[in-house]
């Protein structure tokens, strides 16, 4: 079984766990368990070494530390794909790259158009720009082996490039004031990682220890801590170890997939998806923030991706993936509107950690509704397209 096939199986199974985590979070938030749910997320957790300490509520440890591991895995996948995978060839990267850029821009423009003029709401312009690969692959897996392999690979490539866009957005728009000293320490940690890489060190321990220092430095520097995961991944060697041992990059990627898919992302979803449904009505969804998010995901994603693919193919810039019909491509474009995990993460940066707590509940409503509509509509369209092809 290839690395990509293993990845897809894990991500698809992880998508079902995310659904379970979402349901548990909603139950916890809307029953007598609510006080315990809130108390759990607010539990103070402190790490102290001498006079140095990190003190955060449990929710922020989940969002800053566990998600750094998630982004580390994303970085490993990105590096592998660039070196030897779907992103290693210019001809393979053109169409998904164009689709991903349009799939980021159009949802952001829709959200901005609806919320323009409200400075607090405008902090969330990037929320509908991301695609949740685990959920999307989970939905596709329901259709079985009838789905063309090229369509799954296209989704994977779009999602990886989409994650790159999310990383750039977080680095530029959701980082605080820089601390020169911590920034310098982060730079020193990267120099050490570079030396380890150049000297051919293939043991994981030195990279992990220096990576922890890098994470702490970036956390304290004002740049969002999850970016440490991406930076660390760039220094992980892809060369074979002693006696033909698999490259460290592949070993770490293999070891982390299960942990991320079955533990980290479900824990993150449980911690961030809790929304009180008490007193909610359809009019709440029509408020600018949830409406902008829901329309950005359910409408903006499909418009951006499908329109860009159509233009690129019709103009001769790229070709439609092999054995993929236009209806299947449209269904996939709709499916990319599942933003869930990444949208919740960007939301936590935009609102909860930015002080705009009044819109937190409504933005989660928009994320859940937009993602749910995209999942159901995408599944139905893909199922119809596969039936039509079979006939």
*What whole number of Å gives the distance from the Cα centroid of region 177-242 to the Cα centroid of region 281-299?*
39
*What is region 42-102 by shape, rounded, prolate or oblate, if you read a ≥ b ≥ c off the alpha carbon gyration tensor as root eigenvalues and call it rounded for a/c under 1.5, prolate for a/b larger than b/c, and oblate otherwise?*
prolate
_Helix-derived mean residue ellipticity, 222 nm - over the chain, DSSP H n ≥ 4, -39500 (n - 2.57), to 500_ = -21500 deg cm²/dmol
*Given a Förster radius of 25 Å and the C-beta distance between residue 322 and residue 142 as r, what FRET efficiency does 1/(1 + (r/R0)^6) yield to the nearest 0.05?*
0.65
*What's the extension gain from residue 83 to residue 311 if we count 0.36 nm per residue and subtract their Cα-Cα distance?*
79.3 nm
*If you count, for each residue, the other Cβ atoms within 10 Å and average over each peptide, how do 126-134, 376-384 line up from highest to lowest?*
126-134, 376-384
*Which FRET efficiency value, to the nearest 0.05, is calculated for residue 105 and residue 49 with the Förster distance at 56 angstrom and r the Cβ-Cβ distance?*
0.80
*Within 10 Å, count the other beta carbons around each residue, average over each peptide in 212-224, 188-200, and list them highest first.*
212-224, 188-200
*Applying 1/(1 + (r/R0)^6) with R0 = 51 Å to the Cβ-Cβ distance of residue 113 and residue 239, what FRET efficiency is obtained, to the nearest 0.05?*
0.60
*Please say if region 230-341 is rounded, prolate or oblate, where rounded means a/c under 1.5 for a ≥ b ≥ c the square roots of the C-alpha gyration tensor eigenvalues, and otherwise the choice is prolate for a/b larger than b/c and oblate otherwise?*
oblate
*By per-residue mean of other Cβ atoms within 10 Å, what is the highest-first order of 296-302, 101-107?*
296-302, 101-107
*Just grab the label-to-label distance for residue 262 and residue 246, each label 7 Å out from Cα along the Cβ direction, in nm (one decimal).*
1.6
_Extension gain from residue 282 to residue 173, taking 0.36 nm per residue of separation minus the Cα-Cα distance_ = 36.1 nm
*Global form of region 57-141, assessed from the alpha-carbon gyration tensor, a/c cut-off 1.5*: oblate
*For residue 32 and residue 188, calculate 0.36 nm times their separation in residues minus their Cα-Cα distance, and state this gained length in nm to one decimal.*
51.2 nm
*Counting alpha carbon pairs within less than 8 Å and at least 6 residues apart, what relative contact order, in whole percent, applies to the chain?*
28
*Structure-derived semi-axes √(5λ) of the Cα gyration tensor in Å: which label, when the choices are (i) 49, 30, 18; (ii) 42, 22, 19; (iii) 31, 29, 19*: (iii)
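Since every read-out is calculated from the coordinates, none of them should be taken as a lab result. Bear in mind the structure is a predicted one, so any value in this text is a computation, not a measurement. Note: ideal-geometry Cβ built from the backbone for every residue, glycine included; neighbour counts use all protein chains shown.
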